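Enquirer: There's a structure below that I have some questions on.
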Amino acid sequence: MGKFDAYNIPLKTLPLGTSEFEFHLDNAFFALIGEEEIQKGDLKAVVTVNKNDKESALRFTIDGKVVVICDRCLEEMQQPITTSADLIVRFGKEFSDDGDNIVIVPEDPGAINVSWFLYEFTVLAIPVKHVHPYGFCNKEMTSKLSQHLVEDAPDEDTSFGDDGMSDPRWNALRNLRDGDSDE
């Protein structure tokens, strides 16, 4: 028995129509995956399979929280995740997932392992910027960060060189910004 066997969906033996599979994605799941993006979490994943004669349409619905590192204070924080994704699965001679959302699985054994798809769909749902809500960052880290911030800095015009002379390469952009055009 493989470590991801619990995430197999036996498409070949499913009856036509709709079937539902539920998975709990916890710290043990993320440890099995072994990737660095997510190492801790507590999510409920439901995979709804709508099978017909030619293919199976899988609908992934994932809801819960993962632990990520705050970009501001570098402490762990819980990031809520709510996402859904669709996947079409067809039978073929060998496994292939080259299409956008179409996967080919071998007819024998006729099953698909959804563990990696669950992980990918979760990672894709994480916002690019992870920060604690205002006031929840590590106080020591935010005080050190604020010591290095420049407050009330005047707007600098970076179009001037070190000698204070205007760099003519910026004139065309400045004209676009100001709405002036010599042409």
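Enquirer: Identify, please: which residue in the range 68-108 is of a type in the set (Ser, Thr, Tyr) and either modelled with pLDDT under 90 or open to solvent by 80 Å² or more (accessible area, probe 1.4 Å) (or both) and is, among those, farthest from Leu11 (Cα to Cα)? Before the answer, list the steps.
Expert: Narrowing the range 68-108 to residues of a type in the set (Ser, Thr, Tyr): 82-84, 96.
Imposing the further condition that a residue be either modelled with pLDDT under 90 or open to solvent by 80 Å² or more (accessible area, probe 1.4 Å) (or both) reduces the set to 82, 96.
Working: Thr82: 26, Ser96: 16 Å.
This residue is Thr82.
Enquirer: Here is a list: Ser84, Ser56, Ser96. Which entry is free of Cβ contacts under 8 Å to residues at least 12 places away in the same chain and touching a strand residue (DSSP E or B) at 6+ places or on another chain (Cβ under 9 Å)?
Expert: Sole residue among the options that is free of Cβ contacts under 8 Å to residues at least 12 places away in the same chain and touching a strand residue (DSSP E or B) at 6+ places or on another chain (Cβ under 9 Å): Ser96.
Enquirer: Starting from the range 1-21, take each residue that is in contact (Cβ under 8 Å) with a residue 40 or more places away in the chain and list its partners that are in a loop (DSSP other than H, G, I, E, B) and open to solvent by 70 Å² or more (accessible area, probe 1.4 Å), counting only C-beta distances under 9 angstrom and pairs at least six apart or across chains.
Expert: Here the result reads Asn8/Pro109; Pro10/Pro109; Lys12/Glu107; Lys12/Asp108; Lys12/Pro109, each pair linking the range 1-21 to a residue that is in a loop (DSSP other than H, G, I, E, B) and open to solvent by 70 Å² or more (accessible area, probe 1.4 Å).
Enquirer: Next question, about the same structure. Being exposed (fewer than 12 other Cβ atoms within 10 Å of the Cβ) and within 23 Å of the chain's Cα centre (by Cα) is the filter; apply it to the range 1-30 and report the residue that is farthest from Asn113 (Cα to Cα).
Expert: Among those residues, the one meeting the criterion is Ala28.
Enquirer: Ok, one more. I'd like to check something: does the range 109-116 contain any residue that is out of contact with any helix residue (DSSP H, G or I) (no Cβ under 9 Å at 6 or more places or on another chain) and open to solvent by 80 Å² or more (accessible area, probe 1.4 Å)?
Expert: Taking every residue of the range 109-116 in turn, none turns out to be out of contact with any helix residue (DSSP H, G or I) (no Cβ under 9 Å at 6 or more places or on another chain) and open to solvent by 80 Å² or more (accessible area, probe 1.4 Å).
Enquirer: Looking at the range 43-55, which of the residues that are closer than 11 Å to Leu25 by Cα and out of contact with any helix residue (DSSP H, G or I) (no Cβ under 8 Å at 6 or more places or on another chain) is most open to solvent (accessible area, probe 1.4 Å)?
Expert: Checking each candidate, the answer is Lys44.
The values are calculated or read from the model by the stated rules, or taken from the named source; none is laboratory data. It should be emphasised that the depicted structure is a prediction, and the values quoted were computed from it without experimental measurement. Positions of Cβ are generated from backbone atoms using ideal geometry, with glycine treated the same way; all protein chains shown enter the neighbour counts. The protein model used for the area step is the full one, side chains on, heavy atoms only, and it has no ligands, DNA or RNA in it. Shrake-Rupley method; radii C 1.70, N 1.55, O 1.52, S 1.80 Å.
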